[in-house]
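To start, the structure itself, in C-alpha cells.
The values are calculated or read from the model by the stated rules, or taken from the named source; none is laboratory data. Being a predicted model, the structure only gives us computed values, none of them experimental. Ideal geometry is used to build each Cβ from the backbone, glycine not excepted, and the neighbour counts take in all protein chains shown. Accessible surface is based on the protein model in full, side chains and every heavy atom, while ligands, DNA and RNA are left aside. Shrake-Rupley method; radii C 1.70, N 1.55, O 1.52, S 1.80 Å.
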Amino acid sequence: MSSSSSFSPFRDQRAVALLLAATLTTMANAAISPALPGLEARFADHPQAALLTRFLVPAPSVAVVLIAGWSGVLADRVGKRILLLGGVILFAIAGSLGMVLDSLEAILASRLALGVAVALIMTAQTALIGDYFQDEARSRLLGLQISARNIGGLVSITLAGFLALLSPMHVFAIHGLALLILPLLWTAIREPKPAEKPTAIPGATVDTAPSPDGLGLGLWSMAALQMLTVICFFTMPTQVPFFVASHGVTNTAVIGGVMGALTLAGALAATRYATLKPRYGHTGLFTIGFGLMGSGMLTLALAPNLGVIFVGATLVGLGFATVSPNFNEIALKSAPANRRGRAAGVMTTSVFLGQIVSPLLTLPLVQATGYRGTFITLATVLLICAAVALVRHSLRKPIANRI
C-alpha cells in the first residue's frame with residue numbers, strides 16, 4: 001500500500017483510474033437535468049409525463065440505497081476489481097439506453113439499472129482506496145475523490161446542455177464516456193491481497209470497537225453524521241434554484257452559475273484535505289467544515305441580493321467538501337480490513353439516503369417557515385455540529401497523534 005508523504009496521485013495509475021471512476025458517480029443523476037423540459041414535451045401524451053420525467057433524476061439514488069449495502073458484501077466476497085469493472089460496463093450500457101427507448105417506463109427502468117451501476121462503482125472505488133493507500137496518500141485520494149465527483153458533475157451538465165440542444169434523447173449518450181476509462185481500469189486495477197489484521201489507531205477520535213455485525217461503531221456514527229450532512233447540503237440543488245427565482249431571477253444561466261459556484265468551491269476545497277488534516281485532525285476539520293456550511297446557510301437566509309447568494313453558496317460548497325473526506329477516512333479506519341467493501345457500501349447508502357430524505361424534510365419546512373426560516377434552521381443544526389466538534393477538538397488537543 002502507498003503511504004509516502006511524497007506520493008503523487010497523478011503518477012500512480014491506480015489512483016488516476018479510481019479518480020476517473022469517481023467522476024462517473026455524480027454524472028448519473030446530474031447529466032439529464034438540462035433535458036427534462038424536452039423529455040416532458042416529447043412524452044406529452046403520457047398521463048404521468050410531468051411526474052415521471054422529474055423522477056428520472058433521483059431514480060438512480062433509489063437503486064443505490066437498495067443495492068449499495070449488498071454490493072459491499074459482494075465486494076468482500078467476490079472481489080472489488082470485478083465489481084468496479086462490471087459497474088462501469090453497466091453504467092455505460094444502462095445510461096446510454098435512453099437514446100433508443102421509446103417509453104418513459106422503459107427509460108425509468110434503465111435509470112434504476114444505472115443506479116445499480118453507481119452502487120457498484122462507488123462501493124468498489126472507495127474500498128479500493130482503503131486497500132491500496134494509507135496515511136497521507138489515502139487522505140489525499142479521499143479529498144481528490146470529492147473533487148473528481150464535483151468536476152464530473154459540472155462537466156457532464158455542461159456537455160449535456162449542448163447535447164440537449166440537438167435532442168433531449170441525446171443527453172443519454174454522455175454515459176457512454178464511461179467506456180473510455182475502461183481500458184485504464186482493466187490494466188491498472190488489480191485485486192488487493194488479503195489484508196492483515198488491523199492494528200489499533202493511536203489517539204482515535206471515534207470508537208473503533210467492532211459492532212455485532214463486524215463493522216466498527218465509528219463507521220455507523222460516521223454514516224449517521226454523513227446522512228445528516230447530506231440532508232442539509234442537498235437543500236442546495238433542490239431548493240436554491242427556487243430560492244434564487246424568488247428574488248426575481250429567472251435566467252437559467254444565472255441559476256446554473258450559483259450551482260456552479262457551489263461545485264467549483266467544493267472541488268477546490270477538497271484538494272486541500274490532505275494538507276489540512278495533519279494540522280487540524282478530523283475533529284478540527286469537522287469544526288471548520290460545519291462552521292463554513294452553517295455560515296453559508298445563515299448568509300443565504302439573510303441574503304438581500306444575488307451577489308450575497310453567491311457568497312452563501314460558495315461557503316456551503318467549501319464546508320461540505322471539507323467534511324466529506326473525513327467521513328470515508330474515519331469509516332475505513334473503523335472497519336476491519338476484510339470488511340472494507342461493507343464499510344464502503346454503508347457509507348454509499350448513507351449519502352444517497354440523505355439525498356432522498358432531504359427534499360421530503362425540507363419541502364415541508366420551506367412551506368411552513370419560508371426559505372429564510374429553512375436556512376436558519378439548517379444553519380442552527382450545522383453550527384451546533386461545529387460547536388460539538390470544537391469541544392471535542394479542544395479536549396483532544398494535547399494528544400500528539402490525532403487521527
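Worth pointing out:
- Virtual spin-label span in nm between PHE242 and LEU101, 7 Å along Cα→Cβ: 2.6 nm
- Region 1-79 and region 137-159: distance between their alpha carbon centers, rounded to Å: 12 Å
- Going through (1) 135; (2) 149; (3) 126, the figure that equals volume of the Cα convex hull per residue in Å³ as computed for the structure here is (1).
- Overall Cα dimensions of region 17-153 - principal axes, largest extent first, Å: 56, 30, 21
- Three-way shape label, region 286-403, alpha-carbon gyration tensor, a/c 1.5: oblate
- The GNM of the chain, with springs linking C-alpha atoms under 10 angstrom apart, assigns the highest mean-square fluctuation among THR287, THR322, THR275 to THR275.
- The amide H of PHE133, built 1.01 Å from its N in the peptide plane, has SER2 as neighbours under 5 Å, considering only residues 5 or more places off or on other chains.
- Phi-based couplings in Hz for region 78-95 (Karplus 6.51, -1.76, 1.60; Gly and Pro marked x): 9, x, 7, 4, 5, 5, 5, 4, x, x, 5, 5, 5, 4, 5, 6, 5, x
- Amide H within-cut-off set for ALA303, under 5 Å, with H built and near neighbours excluded: none
- The slack in the chain from LEU268 to THR187, taken as 0.36 nm per residue of separation less the alpha-carbon distance, amounts to 26.2 nm.
- Heavy-atom surface of the chain, accessible at 1.4 Å and reported per residue (Å²): 42 Å²
- Residue of LEU97, LEU361, LEU264 that the Gaussian network model of the chain assigns the largest fluctuation, springs spanning Cα pairs under 10 Å: LEU361
- J(HN,Hα) series, region 365-370, from Karplus relation 6.51 cos²θ - 1.76 cosθ + 1.60, nearest Hz, glycine and proline x: 5, 5, 5, 8, 10, x
- Inter-label distance, nm, simple model (7 Å from Cα along the C-beta direction), GLN367/PHE55: 1.8 nm
- For region 157-168, Karplus couplings with θ = phi - 60° (6.51, -1.76, 1.60), whole Hz, Gly/Pro x: 5, 4, 5, 5, x, 5, 5, 5, 5, 7, 6, x
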